[in-house]
Amino acid sequence: MTKDAFRLISPSGKETELPVRSGTTGPDVIDVGKLYREQGVFTYDPGFVSTGSCESDITYIDGETGILMYRGYPVEQLAEHSNFLEVSYLLLHGELPTAAELERFDHTIRTHTMLNEGMLNFFKGFRYDAHPMAMLSAVVGSMSAYYHDTLDASDPAHRDIFAHRILAKLPTIAAAAYKLNIGQPFMYPRNDLDYTENFLQMLFSVPAEPYEIDPVAAEAIDLLFILHADHEQNCSTSTVRMAGSSGANPYSAIAAGISALWGPAHGGANEAVLTMLAEIGDKSQISKYVAKAKDRDDPFRLMGFGHRVYKNFDPRATIIREMCHKVLKQLGRDDSPLFELALELEEMALKDEYFIEKKLYPNVDFYSGIIYRALGIPTSMFTVMFALGRSVGWTAHWREMISDPTGRIARPRQLYQGPAQRDYVAIDKR
Ligand code: ACO
């Protein structure tokens, strides 16, 4: 929908009308597409603080009121009533599935979880202590070498096959990376188990004895996957869209997204939270670390606090905090010193003027690591867990981007601050 235009008048008086567009909900956008052509200037917005990069129908966030919706459904409702596979269908297809559609989707995912045996050889080549995120991005990147017969992005059937492969095979790749790290044999997927149960058995079972899946663990992981499934144009998703906009194959685009997610300012924060809590060590040290976080000359930040979009609360953190209590209680670890330390740190930071003024609240990563830790998932796998949930969001965005007939290669402009033109100086004259 278009609305009244914004009028931009240059210092020399040249006027340009910039159309304003409205979405279903949320702030309007000013379409600056013709600005350079008409006025000869670019807009400048490092970090995309005020800039929308695309149109999207997938996810909506209102950071001021703490709203997150997938395809219009509030995440709280999905967390309570749905499961990760159904949410995946919703994100990929736009609507909740009927019972028959869900059964078909579930069957497709369950029966595509095995890897080409050749891909397992990759794991023999990695060092035993390689970070699982490094292995995840490398092996996902390699998928285009195995599935090059279905890489035609203009073919909807190929796009479906790609989505199914990513969703079905990522847990298998992640579990293989973990097994390499701990020196245990790789466990093949089992089609009789549901998505999350199958992942847990690949992670924790061994051929030597039967493995019983803890329903609390399966419920908690499924919830975490739902809460991480999508978050509109975040850093890794924008990376997937940008890499994919060149026409690069989708496996490479997802591998790029995994790499972007790894950073500590993004998905790597869940790992960083646990490292930080270990460093703080004791409740008596909290005030010292809060002071460090407030000190502009100290690079230390409270990991798991703050968000570019949420300036009130992160709705995912509220749900995860509750699940964290539930998991620790059911596992008999609700007196865990780590959890108590996290609770006290949260309480102290939330009362502190600095955090109140800058609207810094716990984000999705603050409690997720404590749940993972309680379930026996090692710290180095935390960001991998995030990637497993987010992979469906990346896939949905890639599909949306590639199906958009008006889509163009993503190519930002810049404000050049380097030397002006100068002449080459011969080496003996420098
Ligand atoms: N601890 C202390 N101070 C902080 C923190 C923090 N965790 N986060 C932001 N601030 C301060 C900044 O120093 C800045 O202060 P200033 O105005 O005096 O310069 C102000 O709050 C605004 O912060 P920015 O970094 O400018 O905000 P931005 O939107 O660019 O960054 C980010 C958001 C990256 C999430 C940041 O809050 C951060 O680094 N948090 C810790 C890492 C983390 O938890 N990341 C996970 C994010 S959620 C996710 O990706 C799933």
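Within segment 139-176, being within 21 Å of Ser259 (Cα to Cα) and polar (S, T, N, Q) holds for Ser142, Ser144, Thr172. How about segment 181-297: which helices (runs of 4 or more DSSP H) wholly inside it have at least 1 residues that are within 16 Å of the ligand (Cβ to nearest atom) and open to solvent by less than 20 Å² (accessible area, probe 1.4 Å)? Filter on segment 181-297 gives 215-228, 235-245, 250-261, 269-280, 286-294.
Matching residues to (1) touching an Asp or Glu at 6+ places or on another chain (Cβ under 7 Å); (2) open to solvent by less than 10 Å² (accessible area, probe 1.4 Å); (3) within 16 Å of the ligand (Cβ to nearest atom):
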site: Phe305; (1), (2), (3): no, no, yes
site: Lys311; (1), (2), (3): yes, no, yes
site: Ile320; (1), (2), (3): no, yes, yes
site: Met323; (1), (2), (3): no, no, no
site: Val327; (1), (2), (3): no, yes, no
site: Gln330; (1), (2), (3): no, no, no
site: Arg333; (1), (2), (3): no, no, no
site: Ser336; (1), (2), (3): no, no, no
site: Glu347; (1), (2), (3): no, no, yes
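Right, Asp160: over 26 Å from Ser368 (Cα atoms), in contact with a helix residue (DSSP H, G or I) (Cβ under 9 Å, 6 or more places away or on another chain) and not in a helix (DSSP H, G or I) or not? Criteria not met by Asp160.
Residues that are open to solvent by 100 Å² or more (accessible area, probe 1.4 Å) and either in contact (Cβ under 8 Å) with a residue 40 or more places away in the chain or more than 28 Å from the chain's Cα centre (by Cα) (or both) within segment 25-45 comprise Tyr36, Arg37, Tyr44, listed in sequence order.
Applying a threshold of 8 Å to beta carbon distances and a minimum spacing of six or more residues, or different chains, the list of pairs starting in segment 262-278 at a residue that is among the aromatic types (Phe, Trp, Tyr) and ending at one that is assigned to a loop (DSSP other than H, G, I, E, B) and near the ligand (Cβ under 10 Å from one of its atoms) reads Trp262/Gly268. Would you call Met202 within 26 Å of Gly268 (Cβ to Cβ), touching a helix residue (DSSP H, G or I) at 6+ places or on another chain (Cβ under 8 Å) and at pLDDT below 95? No. For segment 358-372, taking the residues that are near the ligand (Cβ under 7 Å from one of its atoms) and open to solvent by 20 Å² or more (accessible area, probe 1.4 Å), the one that is farthest from Thr318 (Cα to Cα) is identified as Lys358. Checked against (1) farther than 20 Å from Arg408 by Cβ; (2) open to solvent by 60 Å² or more (accessible area, probe 1.4 Å); (3) of a type outside the set (Ser, Thr, Tyr), Gly13 meets all criteria but (2). One residue stands out in segment 343-389 among those that are among the hydroxyl-bearing types (Ser, Thr, Tyr), under 19 Å from Ala176 (Cα atoms) and touching a Gly at 6+ places or on another chain (Cβ under 9 Å): the one that is modelled with the highest pLDDT, namely Thr383. In segment 328-418, counting only helices (runs of 4 or more DSSP H) that sit wholly within it, the ones holding 3 or more residues that are free of Cβ contacts under 8 Å to residues at least 40 places away in the same chain span 337-351, 353-357. Being without any contact (Cβ under 8 Å) to a residue 12 or more places away in the chain and out of contact with any Ser or Thr (no Cβ under 7 Å at 6 or more places or on another chain) is a description that applies to Glu103.
The values are calculated or read from the model by the stated rules, or taken from the named source; none is laboratory data. All values reported here derive from a predicted model rather than from experimental measurement. Backbone-built Cβ (ideal geometry, glycine too); neighbour counts: all protein chains shown. SASA here: full protein model, heavy atoms, side chains in, ligands and nucleic acids out. Shrake-Rupley method; radii C 1.70, N 1.55, O 1.52, S 1.80 Å.
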